[in-house]
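The values are calculated or read from the model by the stated rules, or taken from the named source; none is laboratory data. Keep in mind it's a predicted model, so treat the numbers as computed, not measured. Neighbour counts run over all protein chains shown; Cβ positions are idealised from the backbone, glycine included. All accessible areas refer to the heavy atoms of the entire protein, side chains included, with ligands and DNA or RNA removed. Shrake-Rupley method; radii C 1.70, N 1.55, O 1.52, S 1.80 Å.
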Amino acid sequence: MRVRTTALATLVVGVTLLVFGVALVIGLRVALTDGVERSTRRQAEAAAEVLANGGAPGLLAEDDEDTVAQVLDRGGRVVAASPGLVGEARREPLLDDPAAGSHATVEVPGREHGFLAVAAPARTPEGPRSVIVAGSLDEATDAVYTLSGLLMVGVPLVLAVVAFTTWRVVGRALAPVEVIARRSKASRPPT
């Protein structure tokens, strides 16, 4: 009885923690990725506005580890890029489909982590352009890994506490029954 009750309580708590832990990790990843997407979209739209007014977006002059940008012409060719983009990334568009509003997770050559790239349209005196801004997903990924690691350590510890506590409580609750059973067995005449 004690073993079954302990096992069942531990199983129920374990399944519940697993479901909520997975939901928490997924929810955190979605929330942080959405935050990067909103921030990157605002940067792309602001850069497109500067470009449309005949200026040069600051993103194209900055060497930033967390944000890179490209300007594409109507044919999809890169006509300007952040100094942080090197080699192939200076020549090839970060997004396969640079249509306005499109976004995707991309790898930036020379960078260890993923980026979320967003496209915004710009009407310039030279013709239509697409501004692509890519924001780093490094912090979001690190936060998800940290939470996952904490859950991998914390959930087994909680389950151990639940199992130990259940074992003790059930043992104390059944102690009087065990005493009665022993007395009953001892008072029976031998057969």
- Selected residue (only one of Leu95, Leu59, Leu85 is touching a residue at least 12 places away in the same chain (Cβ under 8 Å), closer than 16 Å to Ser130 by Cβ, of a type outside the set (Gly, Ala, Ser) and assigned to a helix (DSSP H, G or I)): Leu59
- Message: Given the options Ala117, Ala143, Ala89, name the one that is at pLDDT 90 or above, surrounded by 16 or more Cβ atoms within 10 Å (Cβ to Cβ) and either touching a Lys or Arg at 6+ places or on another chain (Cβ under 9 Å) or of a type in the set (Gly, Ala, Ser) (or both).
- Response: Ala117
- Query: Filtering the stretch 57-81 down to residues that are among the hydrophobic types (A, V, I, L, M, F, W, C) and at pLDDT below 80, which residue is most open to solvent (accessible area, probe 1.4 Å)?
  - Reply: Ala61
- Message: Let me confirm something: among Gly171, Gly135, Gly154, which residue is more than 30 Å from Pro83 (Cβ to Cβ) and either in contact with a Lys or Arg (Cβ under 9 Å, 6 or more places away or on another chain) or part of a strand (DSSP E or B) (or both)?
- Response: Gly171
- Message: Can you find a residue that is within 19 Å of the chain's Cα centre (by Cα), open to solvent by less than 60 Å² (accessible area, probe 1.4 Å) and of a type in the set (Ser, Thr, Tyr) anywhere in the stretch 35-44?
- Response: yes
